[in-house]
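Okay, so here's the structure we're looking at.
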Amino acid sequence: MSTSPAPRRALPEHISQIALLLQGGGALGAFQAGVYQGIAEAGYAPDWIVGTSIGGIQAAILAGNPPEARLERLRAFWDRITRAECPPGPAWDDPRRGAYNRGQAQLAMALGQPGFYHPRCWDAPWLAPRGTDGARSLYTVEPLRRTLEALIDFDRINAGAPRLSLGAVNVRKGRTTYFDSARQRIGPEHVLASAALPPAFPPVAVDGELYWDGGVVSNTPLELVIDSMPRYSTLCFMVDLFDAEGGAPANLEEVMERHKDISYASRSEGHIEQYRQLHYMRRAISHLIGQLPAERQQDPEIQELARHGCRTTMSIVHMIYRSVPTETHSKDYDFSRTSVRDHWLSGLRDARTAFEQARWLHRAPGDLGVEVEEIVSDAYRSYFRD
């Protein structure tokens, strides 16, 4: 089945491109798929897709398929990496749902997921020779490689539109790297590297270097879009899977969940504020240089300073997955089809809310240069009402 997206909407004059940023978060990535469905419905096809981990996998699926096939391929991906349930799991607010989620997460740890990863048996880490994948990981991701090859047209990715960037970490240098279709040819190994979360999955070799999941250093790929040269005014849909805000934990399980949320989400808030201030300085530089006489602007030192300035704007529409009480610290590896369905629907609802408001369409460029619109959902109690 193909799903035709809405025609591309005309953008305000102050916006030059649309970027879609997808954070890592395992099974919670179905929320991003729902957000993309809402984006497609509204006619905001991205020009640039940036992803890390599960976000990188889905970014590659989107970039590696024509617009009319993208939703079909996202659904095919989640169908391939989940097991059929008979009967389906309880509703999200059923008291039994918490136990069901925990059981499904334990199943994913013990048996792996079809089309994604399998546990190592004879080459377990304590038996495998040093330096081999078996010695450095608990699971093999060969099923994921086959899934990627079946669902992604890498020739389309490397044809150039939309641009695709995948976050990973150079194991030797300990620094974030972005594999970028604007600078290099992207293949399955780059997607696998972006999703190589240790110690579950082995590092992936690319051009003689080993790489791990980008979330090891930074789970939020915002910096690439804001720092990219040349700079363009951008409407940025930023989809996070962990929420920095939350209540005080009451037991050990809640402590583990809260710790995971803060660890993977806090960088988002910090990055947004950091780049808001940095972009303000860039715009201030351009404004001040514009006040100088023409002859002073030709001074080599002034021209060097001018390179650090810009007049672009960044409108960030920030959507965050927010957990419900029946979820625990294992929510990112609960791959049950019931949870995938619920996460997808919650992402779709948040995206539709964002487009109903669409404040970025009516906002003139401001002095700050980076303006953020937070989409706050009404928890799950509103997600499934039409």
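The values are calculated or read from the model by the stated rules, or taken from the named source; none is laboratory data. Treat the numbers as computed from the prediction; the structure is a model and nothing was measured. Heads up, the Cβs are rebuilt from the backbone with ideal geometry, glycines too, and the neighbour counts pull from every protein chain shown. Quick note on the areas: whole protein, heavy atoms, side chains included, nothing else; ligands and nucleic acids left out. Shrake-Rupley method; radii C 1.70, N 1.55, O 1.52, S 1.80 Å.
For the chain, the relative contact order comes to 25 percent (Cα pairs under 8 Å, sequence separation of at least 6).
A Cα-only calculation for the range 146-232 places Rg and Dmax at 13.0, 38 Å. Rounded to the nearest 10 degrees, what's the angle between the helix 337-357 long axis and the longest principal axis of the chain, both from Cα atoms, 0 to 90? Orientation of helix 337-357: about 20 degrees from the principal axis. Of the residues 256, 313, 221, the one whose Cα sits farthest toward the positive end of the charge dipole of the range 220-347, with +1 on the Cβ of Lys and Arg and -1 on the Cβ of Asp and Glu, is 313. Treating the angle as unsigned and between 0 and 90°, give the value, to the nearest 10°, between the Cα long axis of helix 70-80 and the longest Cα principal axis of the chain. Between helix and principal axis, roughly 30 degrees. With contacts taken as Cα pairs under 8 Å at a separation of at least 6 residues, the range 57-144 carries a relative contact order of 20 percent.
Run the accessible area of the chain with a 1.4 Å probe and give the carbon-and-sulfur part as a rounded percent. In the chain, the share of accessible area belonging to carbon and sulfur is 54 percent.
What Kirkwood radius, in Å to one decimal, follows from the Cα pairs of the range 1-127?
16.9
Helix 97-111 and the long axis of the chain differ in direction by around 80°, with both axes built from C-alpha atoms.
Counting only Cβ charges, +1 for Lys and Arg and -1 for Asp and Glu, the dipole size of the chain around its Cα centre is about 460 debye. Accessible area per residue for the chain is 45 Å², calculated with a 1.4 Å probe on protein heavy atoms, without ligands, DNA or RNA.
Based on the convex hull around the alpha carbon atoms, the range 48-121 presents an average projected area of 6.9 nm².
For residue 236, the residues whose amide H sits under 5 Å from its own are 19, 315, 316, 317, ignoring neighbours fewer than 5 places away on the same chain, with H placed 1.01 Å from N.
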